[in-house]
1. Holding the Cα-Cα limit at 24 Å, pick out from K104/K187; K24/K70; K29/K84; K77/K104; K3/K29; K84/K105 the pairs that are longer than that.
2. Please label the shape of the stretch 75-162 as rounded, prolate or oblate, based on the square roots a ≥ b ≥ c of the eigenvalues of the alpha-carbon gyration tensor (a/c under 1.5 means rounded; beyond that, a/b larger than b/c means prolate, else oblate).
3. For every other residue with a beta carbon closer than 12 angstrom to the beta carbon of S111, add +1 if it is Lys or Arg and -1 if Asp or Glu, then tell me the sum.
4. Answer rounded, prolate or oblate for the stretch 45-125, using the Cα gyration tensor with square roots of eigenvalues a ≥ b ≥ c: rounded when a/c is under 1.5, else prolate when a/b is larger than b/c, else oblate.
5. Be a star and scan the stretch 1-39 for residues whose amide nitrogen sits under 16 Å from the point 7 Å along the Cα-to-Cβ vector of D155.
6. Can you give me the long-range amide H partners of I5? Hydrogens built in the peptide plane at 1.01 Å from N, cutoff under 5 Å, separation of 5 or more residues or another chain.
7. For a footprinting-style exposure proxy, rank D51, D82 by other Cβ within 10 Å, fewest first.
8. Work out which helices of the chain, taken as complete DSSP H runs, extend at least 27 Å along their axis over the Cα atoms and score a mean Kyte-Doolittle of 0.5 or more, then list them.
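Taken together, the values in this text are just the output of simple stated rules run on the coordinates, not laboratory data. This structure is a prediction, so every number in the text was calculated from the model and none was measured. Virtual Cβ from ideal backbone geometry, glycine too; neighbours counted across all protein chains shown.
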Amino acid sequence: MTKFIVLTLFTNMFEEFVNTSIIKRAIEKEIVSIEVVDIRTFSEDKHRRVDFPPYGGGSGMVMSCEPLSKAIDDSIKKLEKDQKKIKIIYLSPRGVLLNYNLSKKLAESESNYILICGHYEGIDERIIEEYHIEEISIGDYVLTGGELASEVLMDSVIRLMPGVLSEGSLNEESHTNQLLEYPQYTKPSEFRGRKVPEVLLSRSS
Ligand code: ADE
């Protein structure tokens, strides 16, 4: 089983994700587990603060080394028992761009994952150095946080793991050069005067 531990300030954003469709089934089949952890629970500050203004000035706030480091250490402790490689990924617009090949590599790497979702202006750079963190971006735009990005990453990786999708769906995907799917149609054979191509009609069951 591949384990994902997601570190976030917005745990509610994952409630539907883990309870829906293919991801839900992959969890039920014990192919993956997804644990969502609130970084704030590791804050020892009396106001449970997790962010401060950046040194040197500038707008916004930066997530500080603590409590994030404590959340990471706790996750490592949980995953160490499995004696699998642990990959720590920070979702960031600065990271390497996620594509099919990277998702496939992650799906096949037999690692467990800690995914860090930043907010505000990002996280303290020393965290990235200290834990040799990989930075991954899901596109050339800036989101308000890494939560959606981590869901995109998990979705694209999990669906490539053996046993998650039917053999047929994955084979078809690779036969069509991964991304270049052809147009699809289903019943009815005519919609507002638009007909399904004849060649497909003669082949349907
Ligand atoms: N966090 C904010 N923007 C992001 C992006 N484009 N990709 C990944 N994480 C992000």
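1. On the way: K104/K187 33 Å; K24/K70 29 Å; K29/K84 20 Å; K77/K104 26 Å; K3/K29 13 Å; K84/K105 16 Å.
Beyond 24 Å between Cα atoms: K104/K187; K24/K70; K77/K104.
2. Working: a/c = 1.98, a/b = 1.14, b/c = 1.73.
Since a/c reaches 1.5 but b/c is at least a/b, the shape of the stretch 75-162 is classed as oblate.
3. Cβ neighbours under 12 Å give a net charge of +1.
4. Working: a/c = 3.79, a/b = 1.46, b/c = 2.59.
Oblate.
5. 13-27
6. Placed amide hydrogens put E35, Y113, I114, L115 under 5 Å from I5.
7. Taking fewest neighbouring Cβ atoms as first place, the list is D82, D51.
8. Within the chain not a single helix satisfies the rule.
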